[in-house]
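Notes follow the structure.
Derivation of every value follows stated rules applied to the coordinates shown; laboratory data play no part. Quantities reported herein were computed from a predicted structural model and do not represent experimental measurements. Quick reminder, even Gly has a Cβ in these numbers, built from the backbone with ideal geometry, and neighbours come from all protein chains shown.
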Amino acid sequence: MISEKRFLQAGKHLMMGNEAMSEGAIAAGCTFFGGYPITPSTEVIEHLAKRLPEVGGVCMQMEDELASINAVMGASLVGAKAMTATSGPGLALMAETISMGANLEIPFVFCDVQRNGPGTGYVTEPHHNDIGFARFSGNGEFQIIALAPMNCQELYDLTITAFNFAEKYRCPVFLMSDAYLGHLHEVVDIPTREEILKKIIKRELPANTKGRVFSYKDPSTGEYVIPSPPIMGTEYCPGLFLHQPHGPDGLPTPKPIVFQEMLIEKITSKMDEISLTETYKLDDADIVIVSYGLPVRSSYRAVDIAREEGIKVGIFRLITVWPFPDEKVKVAVKDAKAVIVPELNYTGVIAEQVERVTKLETPVIKIPKVAEFHHPDDILKVIREVAK
Amino acid sequence: MSGVGPMYPNEKPEHPYLSKSYVGDLLGNYSSRFCAGCGYGIIAQIYTRVFEDEQLDPFLHPLVIGIGCYAQIMLLVHSKAQKILTLHGRAPAIATGMKMANPKMKPIIFSGDGDSMGIGGNHFIHLCRRNLDCVELVFNNSIYGMTGGQGAPTTLFGAKSSTTPYKMFENKADAVKIALAAGATYVARTTVAHPRTFMKYFKKALKHKGTSVIEIVTPCVTYFGRKNLDNLGFEGEEGSKMDTGGKMIEWIRRNSVRNNQAKFMTEEELFNKYVIGEFRYEPNKPEYADEYAKIQKIAMEGKK
Ligand SMILES: Cc1ncc(C[n+]2csc(CCOP(=O)(O)OP(=O)(O)O)c2C)c(N)n1
Ligand code: SF4
């Protein structure tokens, strides 16, 4: 039974980023939230503490982040759509369980409202310093999916996408928000109930739980077809083998590499579905800006001004940051004489990825910013220099 | 614990995950991987027996297991049982998520002394504080068995372990006192030398609505016994060496004091002793999931 209060009235709402994300989660069917207050993500747990009980869900303030993420794992194991929200220090505590969740292949959604670090840092300032951490957010090797929204509307929409990805690919999915984005107030256009319900992947038992329902590969095509997540407390639960390494046939394997390969391949082989990107004035560009999250918004303005000056510059935007879309980036920067990567961090995590893809043949110019916004002029200055 | 023995032995039913009936198939499908003389075999047996006696629905009683030697008990319960091997110390938090996402469930948590008093102490305290409807069994073998005999927060004063090679000098943690202080509503301690009492307590815990904590003192022959052959034995007695399971169980039995007797004993007399018995039974205290359901009702009706 779907609660009436699950969907906000369709139409325009003025919302804070963290609220938009929470509402996205409720619309996606999230019924369990475990969290622990941390600036700048606190509004998420505050909003959900009020809203989730209204729709028959549960919002728990746990004793710490370790407990939060483990409770989320427990809820997900028994069939609830569950999520948590935190910031860098909380993510650090959760690492062990993220790794465990990837191993159990149960759906998890995290919202990381990133703040400055290392250590306590400037807690209310944004800093995309967890972007690399999210990729390697636990012991062992596994693949996660990370999405980078850039406005409140996307915080709402991409949260629904994140839940769908988690259900479909059975892996931890990250929403990389940040201190500014989380606290931005913007108009969010809420779709109608029918439109939302059409988009959502429900947590359901397979129609037939008899036989080999745990198999991961379509025998005719050899492609990965990931079975829906097991639910503890039903017939559809592999019991003893739940935590044990298994091969694509869904049966335990004594060969670690078989399981390892599957954990990663089941996601990377679906790049065309997972990799979400956008372009802006890219067709004839010989200077390419590759960016994600908030710096994209500053880049739009910089590109518009540069185009007026006759400089051919365009934007390639990553919405899905991880797994990194090598092929798409390769195509986007093929004819570029330079790639500019404005990033809200110092080391340039994504710039390094671009360098890897271009094999250092094209110059990659970083525009690092820490705990402050890129002004369009910062980007424009670099564009003009490159165009000279 | 021995590393030998098959992990997936000859059990090859048609649908390994989807067997039809729940039978506590102790030792039927899997060989035990415990050391000879370990107390966990007794616990596994009582657990499966109670499950059968009470005709518990395995789907409503998921088994949430921490990390330690006792985790191997999961190999001994039938494959239909809903069991999940979790992380070291985090089982109470996972059980909390399960219970709240599906309030019909009553999770049963297995944890060791290192698990619940050391790494997971915080989760243990908050589980008791919430009075969430579940049963937590704390297996106290006074040592870290799985990692090879290091000192635990529960190691007896003066005992030797591989990380306290001279002697243990820290004060020990008492799971019962912590559970009482944190607010668990059914708290008891027993030992594997008193299996019938354990069975009674476990059945009572299953019927109790609220957090039940039962500490079970159990022998680790391989590490605790071997390292403390003489110095914790019964002084002046022949054959005091704790080198077999039987002798260790006998030592545990003699080292235990009933709580009605303990009332009349001084602190010195109780030093390093295990006080056994029931310490609290409050069946009518508000339970967390019930209380949350009330909150949901208020929220749904739109009251503030
Ligand atoms: C985070 C983490 N730290 C350490 C370990 C290693 N470890 C596994 S079992 C264990 C000790 C378990 O002792 P106890 O809970 O007393 O159970 P026993 O083996 O004695 O039954 C430790 C330290 C681990 N698995 N995870
Ligand atoms: S607790 Fe001790 S005796 Fe028991 S299996 Fe572990 S090491 Fe062996």
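What pairs from A:Lys168/A:Lys202; A:Lys312/A:Lys369; A:Lys281/A:Lys388; B:Lys99/B:Lys207; B:Lys83/B:Lys209; A:Lys328/A:Lys366 go past 18 Å between their alpha carbons?
Working: A:Lys168/A:Lys202 10 Å; A:Lys312/A:Lys369 24 Å; A:Lys281/A:Lys388 20 Å; B:Lys99/B:Lys207 16 Å; B:Lys83/B:Lys209 21 Å; A:Lys328/A:Lys366 20 Å.
Among A:Lys168/A:Lys202; A:Lys312/A:Lys369; A:Lys281/A:Lys388; B:Lys99/B:Lys207; B:Lys83/B:Lys209; A:Lys328/A:Lys366, the Cα-Cα distance tops 18 Å for A:Lys312/A:Lys369; A:Lys281/A:Lys388; B:Lys83/B:Lys209; A:Lys328/A:Lys366.
Pair-distance distribution P(r) for the stretch B:35-302, from all Cα-Cα distances in 10 Å bins starting at 0: 7, 30, 36, 18, 6, 1, 0, 0 percent.
Please quote Rg/Rh for the stretch A:1-83 to two decimal places, taking the Kirkwood radius as Rh and restricting both calculations to Cα atoms. Working shown, then result.
Details: Rg = 12.5 Å, Rh = 13.0 Å.
Taking Rg over the Kirkwood Rh, I get 0.97.
Using Cβ point charges alone (K and R +1, D and E -1), the dipole size of the stretch A:275-387 about the Cα centre works out to roughly 100 debye. Calculate the all-directions average of the projected area of the protein assembly as shown's alpha-carbon convex hull, and give it in nm². Mean orientational projected area (the protein assembly as shown, Cα hull): 33.8 nm². The tail of the calculated P(r) for the stretch A:287-342 beyond 12 Å holds 65 percent of all Cα-Cα pairs. GNM remark for chain A: springs join alpha carbons under 10 Å apart, and the peak mean-square fluctuation among A:Glu125, A:Glu141, A:Glu63 falls on A:Glu63. Here chain A is treated with +1 on each Lys and Arg Cβ and -1 on each Asp and Glu Cβ, and its dipole about the Cα centre works out to around 500 debye. Farthest towards the positive end of the charge dipole of the protein assembly as shown, among the residues B:Ala36, A:Val113, B:Thr222, is the Cα of B:Ala36, using unit charges on the Cβ of Lys, Arg, Asp and Glu. Loop-located trypsin sites (Lys or Arg not before Pro) in the stretch A:289-346 (DSSP state other than H, G, I, E, B) with a sparse environment of at most 14 neighbouring Cβ atoms within 10 Å: A:Lys334, A:Lys337. Applying the Kirkwood pairwise sum to the alpha-carbon positions of the stretch A:205-307 produces a hydrodynamic radius of 17.5 angstrom. Using the alpha carbons alone, the radius of gyration of the stretch A:5-140 stands to its Kirkwood radius in an Rg to Rh ratio of 0.96.
Could you work out the mean count of beta carbons from other protein chains within 10 Å of each residue's beta carbon in A:56-66?
Values: counts 5, 4, 10, 3, 6, 0, 7, 10, 4, 0, 8.
Mean shielding count: 5.
About the centre of its Cα atoms, the protein assembly as shown shows a dipole size close to 1680 debye [charges on the beta carbon of Lys, Arg (+1) and Asp, Glu (-1) only; nearest 20 debye]. When the charge dipole of chain A is built from unit charges on Cβ atoms (+1 for Lys and Arg, -1 for Asp and Glu) and taken about the Cα centre, the candidate among A:Tyr224, A:Ala351, A:Ser299 whose Cα reaches farthest toward its positive end is A:Tyr224. Relative to the globular-protein estimate of 2.2 N^0.38 Å, the Cα radius of gyration of the stretch B:115-229 stands at 1.10. Considering only A:Ile145, A:Val58, A:Leu360, whose Cα is most displaced toward the positive end of the charge dipole of chain A, charges sitting on Cβ of Lys, Arg (+1) and Asp, Glu (-1)? The Cα lying farthest towards the positive end belongs to A:Ile145. Whole angstrom only: what separates the Cα centroid of the stretch A:157-197 from the Cα centroid of the stretch A:358-379? Each part reduced to its Cα centre gives a spacing of 27 Å.
By DSSP, what percent of the beta bridges with both residues in chain A are antiparallel, rounded to the nearest 5? If you can, show how the numbers build up before the last one.
Working: 14 of 47 bridges.
Taking every DSSP beta bridge within chain A, about 30 percent pair in antiparallel fashion.
Where the eigenvalues come from the Cα gyration tensor of the stretch A:275-387, what are the semi-axes √(5λ) of the equivalent ellipsoid, largest first, in whole Å?
Values: eigenvalues 68, 54, 34 Å².
Listed largest to smallest, the semi-axes of the stretch A:275-387 are 18, 16, 13 Å.
For GluC sites (Glu not before Pro), the sites in the stretch A:303-388 that DSSP calls loop and that have at most 10 other Cβ atoms within 10 Å are A:Glu361. The share of Cα pairs per 10 Å bin across chain A, counted from zero up to the longest distance, runs 5, 23, 31, 25, 12, 3, 0 percent. For chain A, with a Gaussian network of springs between Cα atoms less than 10 Å apart, report the residue from A:Pro245, A:Pro256, A:Pro295 with the top mean-square fluctuation. So, out of A:Pro245, A:Pro256, A:Pro295, the one fluctuating most is A:Pro256.
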